[in-house]
Each structure stands twice: as C-alpha cells, then as structure tokens.
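Here the structure is laid out as structure tokens; the discussion comes afterwards.
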Amino acid sequence: MPGRIRTFIMCIETTFGSGAIATAPLIGFVLGSDSDLPHVQPAIEVLKELEVPFEVRVLSAHRTPDDVAEYAKSAKARGLVAIVAAAGGAAALPGALAAHTALPVVGLPVPSLLQGLDSLLSMTQMPPGVPVAAVGVGGGRNAGLFAARIAATADPELALRLTRYQAEQAERVRERDRRVREAVAG
Ligand code: RP5
C-alpha cells in the first residue's frame with residue numbers, strides 16, 4: 001500500500017477510531033485529494049462533537065469524474081442529507097457533485113498556491129441552476145456546523161445540541177470579555 005494512502009487511512013482511524021461508524025451517515029465529506037484531509041479535520045471534529053454520523057471519501061472531479069458522478073447520484077438514496085466537498089485550486093468538485101444531485105452541497109475551499117482564492121472562486125462562481133454554498137478558505141469548522149444545521153432541520157435532538165453549542169460558545173466569549181475588562185482595569 002503506498003505510504004500516502006496508509007497515512008490517510010491512519011488519519012481516518014485516528015479521527016474516527018478503527019471501527020465502523022454504527023449509524024448510517026447523514027453527511028458525506030468528499031475530498032479532492034487525501035492532501036485535503038487536514039483542512040477537513042475541524043469539520044469532522046464538529047460533527048463528532050454534535051454526534052452527527054458521516055462518511056469520508058476521496059473523489060476527484062478531474063481525475064475520477066465517473067466516481068464523483070456515481071457518488072452524487074446515489075447519495076440521497078443512501079441516506080445522506082448534505083455533502084461537504086473540500087478541494088483546492090481549480091476546485092470543480094462541489095459543482096461536479098451538485099450537477100448530479102439535488103442534495104445541498106457545501107464547498108470547503110482549501111488553501112492553495114493562490115492562498116485559496118482560486119478554490120473559493122471556483123466553488124462560488126457557479127452557473128445559474130447549479131447552486132453550491134461555500135464557507136471561507138480553510139473554514140472547516142463552519143463547514144461542519146453548516147452541515148449539522150442542515151441535518152438538524154429534520155432532527156429536533158440535534159437542533160437542541162446545536163442550540164447548546166451556541167450557548168456554550170457565547171459563555172466562552174463572555175468569559176473572555178470579563179478577563180479583558182479585568183486586565184485593562186488593572
Ligand atoms: C485538488 O488539487 C485537491 O483538492 C487538492 O487540494 C489539490 C492538490 O491535490 P494533490 O496533488 O495533493 O492530489 O484537486
């Protein structure tokens with residue numbers, strides 16, 4: 001097995017544990033390359049925190065276009081409710097997926113030789129009729145949260161977990177506010 005693939009599988013096992021995820025995935029992460037995985041990790045982490053089942057695939061719009069089409073065409077029937085597609089450079093992947101499914105597709109632009117501006121524009125400048133939403137360059141955590149919000153529209157318990165997440169986040173900011181005000185007050 002090539003070293004790069006072994007490293008990718010080790011990363012996946014470190015992230016998910018080596019066992020299969022028991023529940024059927026709701027969110028599909030599609031990476032244009034295994035080199036995109038570090039940028040997807042924050043999204044994976046947030047879905048783990050929120051207990052949203054997911055799957056991860058490496059499929060390339062340009063290098064394995066037939067696999068991309070097959071994945072997108074079968075996604076809804078397999079139970080997915082949204083796809084997060086991470087890619088860099090000429091990042092056609094989210095658009096290629098969106099062309100073959102009516103599921104919402106969230107693009108995650110990966111930093112590239114052009115600092116990710118090329119990835120971002122490739123994802124957002126879609127022709128009318130083929131919508132792709134996109135988070136900011138390197139916005140892995142928001143991609144995960146956005147996917148979780150989509151899944152929460154049909155899952156009240158997940159919606160509650162998201163509300164709790166926001167409340168905890170607000171409390172952390174209030175704590176910073178208290179610390180800064182104390183520090184400047186001397
Ligand atoms: C894109 O090209 C991938 O999404 C990745 O961000 C970039 C580089 O790919 P590799 O050369 O690492 O396979 O298609």
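Structure values in brief
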quantity: Tally, over the stretch 118-165, of residues that are away from the ligand (no atom under 16 Å from the Cβ) and not in a helix (DSSP H, G or I); calculated: 11
quantity: Single residue of the stretch 20-54 satisfying the filter (among the small types (Gly, Ala, Ser) and within 23 Å of SER112 (Cα to Cα)) that is surrounded by the fewest Cβ atoms within 10 Å (Cβ to Cβ); calculated: SER35
quantity: Count of residues meeting criterion [over 17 Å from GLY28 (Cβ atoms) and either within 12 Å of the chain's Cα centre (by Cα) or hydroxyl-bearing (Ser, Thr, Tyr) (or both)] in the stretch 112-136; calculated: 5
quantity: Qualifying residue in the stretch 170-178 (condition: surrounded by 18 or more Cβ atoms within 10 Å (Cβ to Cβ) and not hydrophobic (A, V, I, L, M, F, W, C)); calculated: no
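Values in this text are rule-based calculations from the coordinates and carry no lab data. These numbers come from a predicted model, not from an experiment. Glycine gets a Cβ as well: all are built from the backbone with ideal geometry, and neighbour counts include every protein chain shown.
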